[in-house]
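Here is the structure we will look at, set down as structure tokens.
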Amino acid sequence: MTVCSAPGKVYLFGEHAVVYGEPAVPCAIERRARVTVEPRSDDHVRVAAEDLSLDGFTVEYDGSTETQPDVDVDQSLVSAATGYVDAAVRQAREAADAPNAGFDITVESDIPLGAGLGSSAAVVVAGIDAATRALGEPIDRREIARRAYRAEYEVQDGQASRADTFCSAMGGAVRVEGDDCTTIETPNLPLVVGFDGGAGDTGKLVGGVRELKESYDFAANTVESIGDIVREGEALLAKADPEADPGPELLAELGGLMNFNHGLLSALGVSARSLDAMVWAARNAGAHGAKLTGAGGGGCIVALDPTPETETALSFTQGCVDAFRAELAIDGVRVEAT
Ligand code: PMV
């Protein structure tokens with residue numbers, strides 16, 4: 001039995017624009033997906049999913065991973081949960097040169113599904129690491145990130161950047177610009193997350209931004225301006241002492257950029273009433289800045305606040321179902337048990 005875990009993430013800056021080659025800075029957070037893998041003697045794959053914002057269920061299907069499992073729950077939910085696991089299994093089989101390897105897989109996650117916190121990337125990253133290790137063919141984190149990106153790309157019909165998978169594999173803060181992915185040093189930022197209980201349709205939201213961008217120069221300029229915000233944000237982080245707590249000045253500057261970034265995402269049509277309500281609740285509570293994180297349309301916001309005020313204000317905000325402090329996850333994917 002091999003257990004690996006990988007963190008979720010928030011975007012400090014740059015979602016959506018990253019799809020068009022602008023840089024983005026996601027940060028890994030201490031909310032993890034844990035994947036347990038036990039090799040089987042046949043070529044079947046059995047997946048038990050817990051806490052995936054679904055009622056727990058177990059499915060077993062043959063090794064082709066093309067047969068849809070026959071279970072008594074909404075098929076789209078099953079596809080959502082098993083699609084990523086399937087893709088991770090394909091990558092692990094290929095990496096280990098074991099095309100007929102079968103597995104019993106258990107997925108547990110405390111990252112809300114589809115809410116902008118990188119739940120699918122964390123499952124895929126932890127799954128590839130656990131499955132290749134279980135086959136005795138471990139691969140390094142960059143290779144896990146590369147394969148996890150391929151898995152996401154496949155499941156999401158090409159609508160994926162390398163941001164989520166690279167960040168989840170490496171941990172900490174990272175910078176992604178096209179195929180160029182690097183880790184960056186950052187002080188321990190006081191991140192607070194608010195969750196509206198919902199999820200956005202990433203494909204539809206990305207499609208909407210693409211359409212605006214193709215129709216209007218000002219929308220294309222907005223996407224480029226998000227890139228400018230990211231570059232400013234990176235410069236601030238590069239100047240900061242990664243060992244020291246960030247002072248109020250740095251937080252105010254970063255927060256101002258986050259607020260601007262949220263405004264531009266709003267202009268591109270990817271915010272939502274619930275997300276705006278949480279963003280304003282955070283700002284009114286004294287957060288240095290707040291923005292939606294991920295695809296938008298619903299899901300999560302991230303705010304910067306070293307005090308407990310934002311978390312408290314969010315927990316009383318209509319439409320916010322969960323508010324929590326999100327510690328930066330220093331570790332990316334890691335082995336929990338063998
Ligand atoms: O909602 P998430 O965490 O999957 O983030 C989507 C981020 C986008 O930039 C909109 C798409 C992408 O793949 O980068």
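Shown in residue order for segment 321-328 are the 3J(HN,Hα) couplings computed by the Karplus curve 6.51 cos²θ - 1.76 cosθ + 1.60 at θ = phi - 60°: 9, 7, 9, 8, 7, 10, 5, 4 Hz (x for Gly and Pro). Taking residue 213 as the anchor, which lysines have their alpha carbon closer than 18 Å to its alpha carbon, excluding any fewer than eight residues away along the same chain? Once the sequence-local lysines are set aside, what remains near residue 213 is 204.
Charged neighbours of residue 330, selected by a Cβ distance under 12 Å, balance to -3 (K, R count +1; D, E count -1).
Ranking of 262, 288 by solvent-accessible surface, largest first: 288, 262 (1.4 Å probe, protein heavy atoms only, all chains present). Classification of segment 132-209 by its C-alpha gyration tensor yields an oblate form. The axis ratio a/c (a ≥ b ≥ c) is 1.5 or more, and b/c is at least a/b. Computed over segment 191-326, the quotient of the alpha carbon radius of gyration and 2.2 N^0.38 Å is 1.06. Computed from the C-beta positions of residue 38 and residue 183, the FRET efficiency with R₀ = 25 Å rounds to 0.20. Phi angles across segment 299-307 convert, under the Karplus curve 6.51 cos²θ - 1.76 cosθ + 1.60 with θ = phi - 60°, into 3J(HN,Hα) values of x, 10, 10, 10, 10, 10, 7, x, 8 Hz, Gly and Pro given as x. What does a probe at residue 327 reach in segment 185-223, counting residues whose amide N is under 11 Å from the point 7 Å along Cα→Cβ? From segment 185-223, the list is empty.
Largest first and in whole Å, the equivalent-ellipsoid semi-axes of segment 196-243 read 28, 19, 6, each the square root of five times a Cα gyration tensor eigenvalue. If you wrap the chain in the convex hull of its Cα atoms and look at it from every side, the mean projected area works out to 16.0 nm². Amide H to amide H, with H built 1.01 Å from N, residue 13 comes under 5 Å of 25, counting only residues 5 or more places away or on other chains.
The alpha carbon centroids of segment 239-318 and segment 107-131 are separated by 23 Å. Ligands, DNA and RNA excluded, the heavy atoms of residue 250 present near 30 Å² of accessible surface to a 1.4 Å solvent probe.
Build a GNM of the chain with springs between Cα atoms under 10 Å apart, and of 98, 173, 33 the one that fluctuates most is 98. Under the shape rule built on the C-alpha gyration tensor, where the axes satisfy a ≥ b ≥ c, segment 252-338 is prolate, since a/c reaches at least 1.5 and a/b is greater than b/c.
For segment 195-211, 3J(HN,Hα) computed residue by residue from phi via the Karplus equation (6.51, -1.76, 1.60; θ = phi - 60°) reads 10, 8, x, x, 8, x, 8, 4, x, 5, 5, 5, x, x, 5, 4, 4 Hz, glycine and proline entered as x.
The values are calculated or read from the model by the stated rules, or taken from the named source; none is laboratory data. Just so it is clear, the structure is predicted and the values come from calculations on it, not from any experiment. Neighbour counts run over all protein chains shown; Cβ positions are idealised from the backbone, glycine included. For the accessible areas, the whole protein counts, side chains as well, though only heavy atoms, and no ligand, DNA or RNA atoms are used. Shrake-Rupley method; radii C 1.70, N 1.55, O 1.52, S 1.80 Å.
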